[in-house]
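First up is the structure itself, then whatever we jot down about it.
The values are calculated or read from the model by the stated rules, or taken from the named source; none is laboratory data. Bear in mind that the values here come from a model prediction, so they are computed numbers and not experimental data. All Cβ positions, even for glycine, are placed from backbone atoms using ideal geometry, and neighbour counts span all protein chains on display. Protein only, heavy atoms only, side chains kept; ligands, DNA and RNA dropped before computing areas. Shrake-Rupley method; radii C 1.70, N 1.55, O 1.52, S 1.80 Å.
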Amino acid sequence: MLTVASGMIQSMLTVQGRGMPRTAKTGGPTGGGVSTRSRILDAAVECLIETGVAGTTTLAVQHRAEVSRGALLHHFPTHASLLAASVAELVRRNERAVSQGRAGAGPADNLVAAVEALAFAARQPVYLAELELWAVARTDAALKQALIAAERGARRDLDRVYFQLFGEWTDSDAYDEVVALTLHFIRGLAISENLRSSPARRERLVAAWAQAMRTLLETTKKMPARQRIEGE
């Protein structure tokens, strides 16, 4: 089933990735304004988006980045280390997509607008590329361990994004659990929309989840210290 899921994700990446602007190189193979490591990572992310994990070979990345074999292996000795290092760049691009989605939201309820921004980001090829890495890691032990470390390193960025979106609710006892559930909801929505993509259905689901979030956050809101003392 995971093979099917990976194929589903890749079909979304292939369709959604067409016509996307390529990252411009500001330097040649041996110099310029972009570091060799950055060029390699940009090339790896573009390969992941356009051809999936199977097509993101070290040779393909080397050719796209226009670097020597030795330069690539100097920065990324293994295929797993290259893919795992791509996670940080994927997270950065996903964060930009969230900001873009938030900026494009209308004068809606803050909670609904925040979930809509996450749903917008989850429809972008870069988000689906990260999910595909997770799927492939099920049967690739080296990639799995590398991804665990990379995702742990990216956790601070993810927490910052969620704080920017839901910071006004941090005084709720349920904040951490609701944020975690929201993350799972968005991932599930990203996968399911490959089979059934309906803006109207998405809007209903987002509104329903935002309402569920509000109920959980408001019913478990922390009491002020003075109120707790008086009630004891």
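Points to keep in mind about this one:
- Packing-based order for 52-65, 149-162, using average beta carbon neighbours within 10 Å, highest first: 52-65, 149-162
- Seen from residue 134, the other residues with C-beta closer than 13 Å to its C-beta sum to a net charge of -1, counting Lys and Arg as +1 and Asp and Glu as -1.
- Protection proxy ranking, highest mean first, for peptides 203-210, 121-128: 121-128, 203-210, where packing is the per-residue count of other beta-carbon atoms within 10 Å, averaged.
- Extension gain from residue 54 to residue 201, taking 0.36 nm per residue of separation minus the Cα-Cα distance: 49.7 nm
- Under-5 Å amide H pairs with residue 172, H placed in peptide plane, nonlocal only: 222
- At R0 = 35 Å, FRET efficiency that the Cβ-Cβ distance of residue 149 and residue 194 yields, to 0.05: 0.80
- Ranked packing of 133-145, 188-200, 85-97, most packed first, by mean Cβ within 10 Å: 85-97, 133-145, 188-200
- Accessible area ranking (1.4 Å probe, heavy atoms, ligands and nucleic acids excluded), largest first, for 181, 118: 181, 118.
- Global form of the range 95-190, assessed from the alpha-carbon gyration tensor, a/c cut-off 1.5: prolate
- Once both labels are positioned 7 Å from their Cα atoms along Cα-to-Cβ, the gap between residue 73 and residue 99 label points is 3.8 nm.
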